[in-house]
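Following: one structure in structure tokens, then a few remarks.
The values are calculated or read from the model by the stated rules, or taken from the named source; none is laboratory data. Bear in mind the structure is a predicted one, so any value in this text is a computation, not a measurement. Quick reminder, even Gly has a Cβ in these numbers, built from the backbone with ideal geometry, and neighbours come from all protein chains shown.
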Amino acid sequence: MLTSSVQRTIVLLLAASLHIAGYLLFLRGFFPAKTVLPGDSIFPNETSPYLFKGHAQFDNLVLVVVDAMRADFMYAQDISHMPFVHQLVTKGDALPFTAHASPPTVTLPRLKGITSGSTPSFLDAILNIADDNDDTQGMTGNDSWLNQLKKQGKSLRFFGDDTWLKLFPPEDYFDRYEGTNSFFVSDFTEVDNNVTRHLDAELNLIKGNDVLILHYLGLDHIGHKGGPRSPYMKEKQEEMDSIIKKIYEKVSKTNSLLVVMGDHGMNEIGNHGGSSPGETSPGMLLASPKFRNLRHTNKAPIPETQDYKYYKSISQIDLVPTLASLLNFPIPKNSIGVIIQEVLDLWSNDQRSSILKSNLEQLTKLVGEDKLPSMKASDSEEELYEQLRRLSSNLQDVATEYNFFDINCGLSGLFIGGFLSYLLFASFWRDNKLELALHYALVALYSIHFHASSLVEEEHQIWWLISISLLVLYCHLGRFKNFFLCALILLCLRTIRAWSNSGQKYKTQLTLGEILLNNSNALWILVALTYAILAVSIFCQGSFIDCLTLTKIDNMTDKVRDFGTLFAFILIFVTCSVSLSFKLCQWVTDGNSAPDMSYSILSWICESSGVDYTRADKHDFQVINTNLSRSTAWLVLTLLLLRLTLARLFDKHNDFMRTTIELFLDGRYESVSDRRFV
């Protein structure tokens, strides 16, 4: 075994080096560099197969992206509150789809797919939260439909989520633009109003060769705060529906295509980023009076489905070649999408096969002639579509291929480094090899469970197992001799497990959290009790009090009489009170009904801010919460500065003043000039 310090140092350096090298190798294999064809796509022989009677099907494009617009929000009975969208579908003016979004289902990688037609990687999910000044996630140099339309001389304007401005430098792409920030999730209103306020002026400018892109964030914010069943969801859907109506009534008088879509969906708790059906099933709608001639017989709304599939299901990246055909520009070089079959009816029978063959030729260049699967030449529309789907599927698989050699080498390095670490720690823990082995067994078990995606989604299940197993083991080894304490821990673990749905696989409405949400009085009694216990616990434990006391205290009686205790009481009481007030106001802001017992408290809070509680709306409570946050910050800062000042005044070199204040607080002030200080 390792006995000398030199041996241990060598092993430590070797283990650290193996860990770093293994980690880097694993990252290189898990995030492989994608092969991207450089340059911009052009028409073969400079001849477009998309012209119809010498013109493009549409001159203008209006793209409305509603963040997290799940398909059922657009089409499902009792869930969708978008009557105008339903009217467009029923009249035949719109083609409805469920557009499958490949994970990661976050905004930046989905926008890359929507604009270039390529399949983003999970590295893009990390770049989704990169700094605003970071340009590594940009699309400069990559072909996209924005790039193609800009080359045609079209005027591009953008208003909405500033993620677009990270991808497409505004000075290079947009004639007019304004970005909105997506990280203030409590804002459901202003973030969308800042987009809509440009609408009238921009719609009046649409005449020919215009592209208007709008990206609304409010619905996604509501999902994050309150989930898909939030009280604000109906109001926001109605707002989006009215905006779509306003846009369509204007652009339907011109030769314009309106596209309404979500960049991704959301799960049942309002989050996204994974691969659950709700997250990967946003809606998509193509609208124009031209589609009425196609005589589709869709009806809307339709009954809710559990898999979120409504009407025809397509891939979200199919939008890119579809826009290319409708607006007459070459399909971007790295697009792996397939032209949506329903729009082909706008062309004559003779042109359809030419359009599909151009899409097939573009995909063939991506695959490469040497890797091209055997396909027979055909003019049949169905056979061409079958070949297109097969090529697209193969390209999507290739785009997500991992470098398993690097991954395995990296894992091997990590494993060897871990074994060396075990030897190193074993040299220190010679007396308790069983405990060391137990720790490493837990690490091994925890690592192994990550090899199954279902266990990743249900990670909490293994923690319940580990927690209870360790508790039983410690009881068996005699570490816990207090049966009551052991039973209390088990009860707490069971309560936590029953509190909410934590995973994707097992869900139930019979959770403690759901029961309390449906009984606000009981919920807020528990919340108030929690704050009270917290305040008393902090006060009695003395962690803050010892910070603030000005003299040495030996018992609780002296603690109560001490001058610094007053500051501790103010800090604890005011902080807990303001925090409770903030939480109560936020509860109302999120669209929940205020508990009956809180009426007087909310009335007093509103009156203190000059607001009539009976007429207060969401915006009023947001202002109150902002003021509460600001007041709390200034109050705590003031008290801390005051304490630092007092600490400076009442140190060991200022015994006279400290003793004077103590005598004054005791009501026994007297001349202390003759008093002897120690």
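Test each condition in (1) in a helix (DSSP H, G or I); (2) within 30 Å of residue 361 (Cα to Cα); (3) in contact with a helix residue (DSSP H, G or I) (Cβ under 8 Å, 6 or more places away or on another chain) for residue 318 and report the one that comes out false.
Only one criterion in (1) in a helix (DSSP H, G or I); (2) within 30 Å of residue 361 (Cα to Cα); (3) in contact with a helix residue (DSSP H, G or I) (Cβ under 8 Å, 6 or more places away or on another chain) is unmet by residue 318, namely (3).
Given the criterion at pLDDT below 65, assigned to a loop (DSSP other than H, G, I, E, B) and either outside the structural domain of residue 627 (by TED's automatic domain parsing) or more than 30 Å from residue 458 (Cα to Cα) (or both), identify the matching residue among 509, 504.
Details: 509 fails: at pLDDT below 65.
The unique qualifying residue is 504.
Any residue in the stretch 234-254 that is under 18 Å from the mean Cα position of the chain (by Cα), modelled with pLDDT under 95 and not in a helix (DSSP H, G or I)? Reasoning before the result, please.
So in the stretch 234-254, the residues under 18 Å from the mean Cα position of the chain (by Cα) come out as none.
Checking the stretch 234-254: not a single residue is under 18 Å from the mean Cα position of the chain (by Cα), modelled with pLDDT under 95 and not in a helix (DSSP H, G or I).
Step by step: first the residues of the stretch 180-207, then only those that are touching a strand residue (DSSP E or B) at 6+ places or on another chain (Cβ under 7 Å) and part of a loop (DSSP other than H, G, I, E, B), then the one that is modelled with the highest pLDDT. Which residue is that?
Applying the filter and picking the extreme gives 198.
Whether any residue in the stretch 214-223 is outside any helix (DSSP H, G or I) and free of Cβ contacts under 8 Å to residues at least 12 places away in the same chain is what I want to check.
Residues of the stretch 214-223 that are outside any helix (DSSP H, G or I), as a first pass: 214-217.
Going one step further and asking which of them are free of Cβ contacts under 8 Å to residues at least 12 places away in the same chain, we end up with none.
Within the stretch 214-223, not a single residue is outside any helix (DSSP H, G or I) and free of Cβ contacts under 8 Å to residues at least 12 places away in the same chain.
All but one of (1) closer than 17 Å to residue 220 by Cα; (2) surrounded by 20 or more Cβ atoms within 10 Å (Cβ to Cβ) hold for residue 86; which doesn't?
For residue 86, the failing item is (1).
Testing residue 115 on (1) farther than 25 Å from residue 307 by Cβ; (2) modelled with pLDDT of 90 or more; (3) outside any helix (DSSP H, G or I), one condition comes back false. Which one is that?
Single failed check for residue 115: (3).
Residues are listed down the side, and each one gets a yes or a no for (1) at pLDDT 90 or above; (2) assigned to a helix (DSSP H, G or I); (3) polar (S, T, N, Q); (4) touching a Cys at 6+ places or on another chain (Cβ under 8 Å):
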site: 18; (1), (2), (3), (4): yes, yes, no, no
site: 37; (1), (2), (3), (4): no, no, no, no
site: 68; (1), (2), (3), (4): yes, no, no, no
site: 81; (1), (2), (3), (4): yes, no, no, no
site: 104; (1), (2), (3), (4): no, no, no, no
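If you go through the stretch 92-109 one residue at a time, do you hit one that is surrounded by fewer than 18 Cβ atoms within 10 Å (Cβ to Cβ) and over 24 Å from residue 164 (Cα atoms)?
Yes, the stretch 92-109 has at least one match.
Condition check ((1) touching a residue at least 40 places away in the same chain (Cβ under 8 Å); (2) among the polar types (S, T, N, Q); (3) touching an Asp or Glu at 6+ places or on another chain (Cβ under 8 Å)) across all residues:
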{"residue": "39", "(1), (2), (3)": "yes, no, yes"}
{"residue": "42", "(1), (2), (3)": "yes, no, no"}
{"residue": "48", "(1), (2), (3)": "yes, yes, no"}
{"residue": "53", "(1), (2), (3)": "no, no, no"}
{"residue": "58", "(1), (2), (3)": "yes, no, no"}
{"residue": "63", "(1), (2), (3)": "yes, no, no"}
{"residue": "71", "(1), (2), (3)": "yes, no, no"}
{"residue": "77", "(1), (2), (3)": "yes, yes, yes"}
{"residue": "89", "(1), (2), (3)": "yes, no, no"}
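Considering every residue within the stretch 264-274, establish whether at least one is assigned by TED's automatic domain parsing to the domain that holds residue 312, under 30 Å from the mean Cα position of the chain (by Cα), on the phi > 0 side of the Ramachandran plot and part of a loop (DSSP other than H, G, I, E, B).
Checked against the condition, which is being assigned by TED's automatic domain parsing to the domain that holds residue 312, under 30 Å from the mean Cα position of the chain (by Cα), on the phi > 0 side of the Ramachandran plot and part of a loop (DSSP other than H, G, I, E, B), the stretch 264-274 yields at least one hit.
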